[in-house]
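The values are calculated or read from the model by the stated rules, or taken from the named source; none is laboratory data. Keep in mind that this is a model prediction, so the values were computed, not measured. Cβ: placed from backbone, ideal geometry, glycine included. Neighbour counts: every protein chain shown.
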Amino acid sequence: MIVHGVIITQVKKCATLKWLERRFVMFSDTITAISTANAMGAVSIIRISGDDAISIASKLIGKDLSDKPGYTIHYGTAKENNEPVDEVLISLFKAPKSYTGEDVVEVNCHGGLYITRKILSLIIGLGARMARPGEFTERAVLNGKMDLAQAEGVDDLIRAKDEVNARSAIHSLKGSVSKILMPLEDDLTQMISNIEVNIDYPEYEDVHVMTHEELLPKCNKWLEEIDKLIKTTEQSITIKEGIDTVILGRPNVGKSSLLNALLEEDKAIVTDVEGTTRDIVEGSVRLNDITLNLIDTAGVHDTDDRIEQMGIDRSLQALEKAQLAIVVLDSKKELSEDDKKLLELTKNHKRIVVYNKDDDNTIEDKLSISVKNMRLDPLLDEIKKVYEEELYAAQTDTLNNERQVGLARQARQSVNDAKNALENDTELDLVLIDLENAWHALREITGKSGKEDLLDEIFSRFCLGK
């Protein structure tokens, strides 16, 4: 078994070395890609990164740019076989003060599709290769210009559809995730360091001996902090991704009219005939700082119509998946048995009960609206009130996506395992394994993890001098 283990370890090492060799060759290449949208426009930018970036740009315009300082722009004419192709501006960014940490050149040319692709082909012909998706940012991470969470922030910023998402992405780019995690990492490092020293240097009397009684409250405190972070992040993600909202009610209470009014378009068919909506109708709308992923459903009531019943079944399925239920009642009628059943059905869901058709604005003791008169503010204010805590979370620094939350949960589970081990008076060297697993999980969030990293952290804090 030991022989097999050694062989497997050697195979893994060989595979790792081959992978590293391929990555080294790949990242020694000079890469290029069009950085602006692939569409007609006034200006296009073609980015080049790598050791030969400046040399390639020099050949492109027939001017030596090697002695030019970084953060400067130079005019030239891109040529093919000494024939002019386009007038361009060359922006120089010299390593390590560039986006990727390498020499970077940005070729600003006219924005026609033909011209942009023509210049890109000339750059490739001069020795660059086409970049893979995300490779510029990947090089930035590998060259230490940003961590993994910051790189995810770059993608989030590009994809942001509103102020909340853009603000969160900017914070990530500035390293907010690393700052959030730093105290949690430091606490783990301190516990790990103390245990390591106790295990490796038991003979030294001047080293404080860490006991189970001292570690247990530290683990409990750490768990409280990670729980707060996970909860705040999940609340923030809810706001950023939009709230899956189902609109429920019996037929003809104005569900489809409400959907159309919120979307400001006639997406759902509205008639006086009961049971018009027989399938799911969806749409997303931004209401101030909250996005609702709206789902209009078939009216929920008892029916013998098989097709209509299928629509009602889908309504109930949508309710199970929804994060918010808006239950619409008719303000002009007494509660029917169907209304009461619907209220009972949704009582354990996050919901808002709203009375529609209050066209004269005379109801005072209930949340009422008039879709007919476009008086929807009471409902919008209530939605904002219900998600007040989540809105606050979205405006604070948190983790940013499910990958990061998943790793935070892994770290939490490992520390919880350590806590249980301490309560059972388990040997500290076994507790140490759980704490190290938590430390590595946290570091994976920002892409900085490895045994060597942990050793560096430990020895930077303890100088035994023995």
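Quick notes
- For segment 283-325, the tally of residues that are of a type in the set (Val, Ile, Thr) and either modelled with pLDDT of 60 or more or part of a strand (DSSP E or B) (or both) stands at 6.
- Meets criteria (more than 30 Å from the chain's Cα centre (by Cα), at pLDDT 90 or above and more than 15 Å from ILE226 (Cα to Cα)) for LEU464: no
- Applying a threshold of 7 Å to beta carbon distances and a minimum spacing of six or more residues, or different chains, the list of pairs starting in segment 214-232 at a residue that is in contact (Cβ under 8 Å) with a residue 12 or more places away in the chain and ending at one that is small (Gly, Ala, Ser) reads CYS219/ALA418; ILE226/ALA408; ILE226/ALA411; LEU229/ALA408; ILE230/ALA408; THR232/ALA393.
- For segment 46-67, a residue qualifies if it is surrounded by fewer than 18 Cβ atoms within 10 Å (Cβ to Cβ) and either of a type in the set (Val, Ile, Thr) or free of Cβ contacts under 8 Å to residues at least 12 places away in the same chain (or both), and the qualifying residues are ASP64, ASP67.
- Residues located in segment 67-92, provided they are touching an Asp or Glu at 6+ places or on another chain (Cβ under 7 Å) and under 17 Å from SER35 (Cα atoms): SER91
- Screening ARG132, ARG139 for residues that are part of a helix (DSSP H, G or I) and not hydroxyl-bearing (Ser, Thr, Tyr) leaves exactly one candidate, ARG139.
- All conditions but one from (1) in contact (Cβ under 8 Å) with a residue 60 or more places away in the chain; (2) assigned by TED's automatic domain parsing to the domain that holds GLU102 apply to GLN190; the one that does not is (2).
- Subset of segment 87-105 (residues that are closer than 16 Å to GLY62 by Cα and crowded, with 17+ Cβ neighbours inside 10 Å): VAL88, ILE90, SER91, LEU92, VAL105
- Filter result for ALA393 (farther than 30 Å from GLU224 by Cβ, among the hydrophobic types (A, V, I, L, M, F, W, C) and in the same structural domain as THR233 (by TED's automatic domain parsing)): no
- Residue check, LYS145 under 31 Å from the mean Cα position of the chain (by Cα) and of a type in the set (D, E, K, R): yes
- Only residues that are among the β-branched types (Val, Ile, Thr), over 16 Å from LYS79 (Cβ atoms) and under 29 Å from the mean Cα position of the chain (by Cα) were counted across segment 38-67, and they come to 2.
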